[in-house]
Amino acid sequence: MIGYGVWSLMLLAVYVTVPAAMGAAALAITATAVVAVIRGVRGHRPRRTDPWVLFALNFVTFAIGSALAQVVGGFPSLADAWYLVVSSPVLVLALWRLSRQGTAVRDRAGALDAAILTTAAGFLAWVYLIDRNLHHDEFGVAAKAVSIAYPLVDLLVLALLARLVLAVPRSWSVVLLLVSIGGLLAGDVLFGLRRLAGDWTAGTYADLPWLGFYLAGGAAALHPSMTRLTEPRVGRAPVEYRRIVLGVASLIAPVVLLVQAVRGPIHDGAVVAVASGVLIVLALGRMSIAVTGLRQTMARERELRRACEQLLSTTDEGQVRAAVHRAVARLLEPGAAHRVVFTLGAPAGRAAGLAYVRDLPAEVAAGLAELELALCSPLSVGDRELGQLYVAAAEPALLDLQEAVPVLAGQAASMLDRIALNREINHLERLYLDPLTGLGNRLRFTDALQERPDAAVLVVNVDDFGAVNDAMGQEAGDQLLSAVAERLRGVAGDEVLARLNADEFAVTVPEGEGFPQRVLATFDGPFVAGGSVLRVTACAGVGADLEQARIAMQAAKREGTGRWRRYEAELHAQVAARRQLRAQLEGAIESGQFLLHFQPIVELASGRTAGFEALVRWHHPQRGMIPPIQFIELAEETGAIVRLGAWVLDRAVQTVAGWPEVYVSVNVSVRQFRTTGFVDLVLATLSRHRLAPDRLYLEITESLLLDEHDEITADISRLRAAGIRVSIDDFGTGYSSLSYLHRVPVDTLKLDKSFVDTIAVSDKQLALVRGIVQLAATLQMSVVAEGVEAPADADLLRDMGCRFGQGYFYSRPMPEADAAAWLRQDRDRVPG
């Protein structure tokens, strides 16, 4: 641009100071302007190039007209015809195309503003040029026609220029273009006035405005802001300068009248009256358009308020999107084509305003297909940008939305932010609440304890809840837990109550005595779950914090059901020992610390040993022999029961395979039985040790059978089909009825010791056991009575038809070698 300016000044200096080089300088000026336009178009690549091409063509045609004027001479001449018929229409077309490229909106207000300015200029042209040309005595008809045609063409050019300049924001290209066309008009006015005076001569300083037309026009094309003249202009044109210009234009007619009245006489009173009337009509029209615009603005504001009210009632992102879509549709004319796209997440990094759809991200452009332009507005709350709102429509529609879309985006962003905040709050609430019972969870309880550091804690654990869950299903278990929670709410009062895990609750202890007893008393009444009435107990522990309370609760559970304990220092040592055992359990299996003891199962009628139950023991290198009650539960908790059970099965089968005739009964946990491939493992073990299938009994618990899984029933059937016998261990201690016996294929019922203990002293217990034995006989099942410890018990069981017995009356569990010796003695004592 600097080089262009220097070069232009040099050419002007040559034109003015070197008459002999005037023609060459004029040609160079024309070429410079044309080249500048071409370079500007190629370098800046405006949206539309044809208006600028027409400008360059106008420079060429204007220069040709100037050359014709120099060659032909005279007035009017062929040069005047060229100007009016060729050059001026090209300029008019260029300005018309440029004024239409920026926006397709029918801006009636801008058109009226341009009409007011043109009317004022036309009035001046009439008074000082047209009227004088009409009454010039020396002009013939042709001269008068040409003299009038020039001002009329200039008025048309001025109207288009005013229409363009009044509609666009200020930029250097606009200013330079205004200087360029202004120079042309100024040159034409000087030409007309000099013609009237009769002293027009080409090649004087009067040519400078026309030369400025060339050079300023080229500079307008060279400046980068030239692209904005053909870009869509969605926005309100600035009005400050417009008010000044239009105000001055409206006063021109009265000022001319005043001047003529002062100087006298008044020559153009009628024209002044007509011009003033036209300006008043145009001003009234302008006011009408302003009122209509105000009404439309108020209507849009009503729609915006309605949209904001709808947005306030939204509760999720989908509703926000739908509300914005509806609002945009209502803000536009019915049936207007439009698209709306939300992007949420990472900031778009795009400034608010107008954009070409082709320049937007691919995923956004896909949603705005078939439309060229879109308004972009950030979804911002304060300094945080949540995303971007894109509204695509035709240019006139975007003009109507230019102020509404940012408001809509701001309200939508506020609602999205509120929804996200509510979601986060709900998430935090869910993190703090137990969804089943509605109580607080461990996290909430620990937070509450931080606010009450001096509060004691009571932990409650439902006794044998796992058995209820296994026997009756998860739904019944959930119902039981919900019922327990309701009872605990009643006794807790204002204390903090929470559910810590599946069957464990915690509550802060109020001042006073007897709170643990009141808590356990809530379990005295029956519970209803899964359509059944249940009697459930619980154990509790009290401590200064959760850890101490749980240690005390676990100690209470080891003492039995329905108990509670207060934390004592020695309990911590017990828990530490238990944790140590748990950590050592896996290594004990690997290092062979486990061994089997065998307890005889005796035929009551003959006294002959029919089989043995294999019972696992842990021979700890430091603690000696550890009974099952101390490690089986740990094995269940850690999952080691599966590996331990597989080892017991293998060792028991291997041992009994070396003994004659007797069978071995092996306990199988629920978790072990449900392990994939368990049946195959059993069959492979028998095959590996060559033990007949009918010499293996598998003892399962009632809870496994009551689960009502088809796979479990199928696995039991498969085992029995292979010849393996299946026993129900600890029969009668479960939570269900006896109804499953007729549908589950089992061979033996092992009657729990609790049934046998009192049959010698309780007629009711004796009758109950007799009924079970008779039921088993009806179902073609044998019965093994556990816990036989006295001759009287053995006699009563034998007399009622119980076939087998097991207990200390016959023998305690013994090592493998002792069991083999027992078996030899049994064969000698009771001949086959």
Which of the following residues is out of contact with any Leu (no Cβ under 8 Å at 6 or more places or on another chain), of a type in the set (A, V, I, L, M), more than 21 Å from LEU546 (Cβ to Cβ) and open to solvent by less than 30 Å² (accessible area, probe 1.4 Å): ALA448, ALA476, ALA467?
-> ALA476
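For every residue, the table says whether it meets (1) over 16 Å from LEU177 (Cα atoms); (2) open to solvent by 30 Å² or more (accessible area, probe 1.4 Å).
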position: GLY3; (1), (2): yes, yes
position: LEU12; (1), (2): yes, yes
position: ALA20; (1), (2): yes, yes
position: ALA25; (1), (2): yes, no
position: ALA36; (1), (2): no, no
position: VAL41; (1), (2): no, no
position: ARG45; (1), (2): yes, yes
Take ILE64 and decide whether it is open to solvent by 30 Å² or more (accessible area, probe 1.4 Å) and either under 60 Å from the mean Cα position of the chain (by Cα) or small (Gly, Ala, Ser) (or both).
-> no
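Would you pick out the residues in the stretch 549-575 that are under 45 Å from the mean Cα position of the chain (by Cα) and open to solvent by 50 Å² or more (accessible area, probe 1.4 Å)? Show your work before the answer.
Start the filter on the stretch 549-575 by keeping residues that are under 45 Å from the mean Cα position of the chain (by Cα), which leaves 549-551, 553-554.
Correct list: ARG550 only.
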Is there any pair with a first residue in the stretch 773-789 that is among the hydrophobic types (A, V, I, L, M, F, W, C) and a second that is surrounded by fewer than 17 Cβ atoms within 10 Å (Cβ to Cβ) whose Cβ atoms are under 6 Å apart and which are 6 or more apart or on different chains, and what are they?
-> VAL773/GLY801; VAL788/PHE809
If ILE589 passes every condition in (1) crowded, with 20+ Cβ neighbours inside 10 Å; (2) part of a helix (DSSP H, G or I) but one, which one does it miss?
-> (1)
What is the number of the single condition among (1) open to solvent by 40 Å² or more (accessible area, probe 1.4 Å); (2) modelled with pLDDT under 95; (3) within 27 Å of PHE804 (Cα to Cα) that VAL668 does not meet?
-> (1)
In the stretch 352-389, how many are open to solvent by 30 Å² or more (accessible area, probe 1.4 Å) and either part of a loop (DSSP other than H, G, I, E, B) or acidic (Asp, Glu) (or both)?
-> 11
Answer yes or no as to whether ALA392 is among the aliphatic types (A, V, I, L, M), in contact with a strand residue (DSSP E or B) (Cβ under 8 Å, 6 or more places away or on another chain) and not in a helix (DSSP H, G or I).
-> yes
With (1) free of Cβ contacts under 8 Å to residues at least 60 places away in the same chain; (2) under 47 Å from the mean Cα position of the chain (by Cα) as the list, and ALA506 as the residue in question, which single condition is left unmet?
-> (1)
Sort out which residues of the stretch 299-337 are outside any helix (DSSP H, G or I) and over 28 Å from the mean Cα position of the chain (by Cα), and write them in order of number.
-> LEU332, GLU333, PRO334, GLY335, ALA336, ALA337
Pick from the stretch 443-469 the residues that are in a helix (DSSP H, G or I), closer than 26 Å to ARG535 by Cα and in contact with a Phe, Trp or Tyr (Cβ under 9 Å, 6 or more places away or on another chain): which of them is modelled with the highest pLDDT?
-> VAL468
With the condition kept exactly as written, say whether any residue in the stretch 49-63 is at pLDDT 80 or above and not in a helix (DSSP H, G or I).
-> yes
Tally the residues that are within 25 Å of ALA790 (Cβ to Cβ), of a type in the set (Gly, Ala, Ser) and surrounded by fewer than 15 Cβ atoms within 10 Å (Cβ to Cβ), restricting the search to the stretch 593-633.
-> 3
Starting from residues that are over 14 Å from ASP715 (Cβ atoms) and surrounded by fewer than 17 Cβ atoms within 10 Å (Cβ to Cβ), keep the ones in the stretch 672-688 and report whichever is nearest to the chain's Cα centre (by Cα).
-> ALA684
Among ALA817, ALA767, the single one that is open to solvent by 20 Å² or more (accessible area, probe 1.4 Å) and within 15 Å of LEU615 (Cα to Cα) is ALA817
From (1) at pLDDT 80 or above; (2) of a type in the set (A, V, I, L, M); (3) within 16 Å of ALA409 (Cα to Cα); (4) outside any strand (DSSP E or B), pick out the condition that doesn't hold for VAL340.
-> (4)
Please state which one of LEU160, LEU68, LEU156, LEU95 is at pLDDT 75 or above, part of a helix (DSSP H, G or I) and under 30 Å from ALA355 (Cα atoms).
-> LEU95
Within the stretch 400-443, work out how many residues are buried (at least 18 other Cβ atoms within 10 Å of the Cβ) and either farther than 29 Å from LEU312 by Cβ or of a type in the set (Asp, Glu) (or both).
-> 6
Is it the case that VAL744 is open to solvent by 60 Å² or more (accessible area, probe 1.4 Å), of a type in the set (A, V, I, L, M, F, W, C) and part of a loop (DSSP other than H, G, I, E, B)?
-> no
Within the stretch 489-508, residues being over 16 Å from ASN461 (Cα atoms) and open to solvent by less than 50 Å² (accessible area, probe 1.4 Å) number 2
Kindly indicate whether any position in the stretch 639-648 is part of a helix (DSSP H, G or I) and free of Cβ contacts under 8 Å to residues at least 24 places away in the same chain.
-> no
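The values are calculated or read from the model by the stated rules, or taken from the named source; none is laboratory data. As the structure is a prediction and not an experimental result, all values here were calculated from the model. So basically every Cβ, Gly included, is an ideal-geometry build from the backbone, and we count neighbours across all protein chains shown. These area figures cover heavy atoms from the full protein model, side chains too; ligands, DNA and RNA do not enter into them. Shrake-Rupley method; radii C 1.70, N 1.55, O 1.52, S 1.80 Å.
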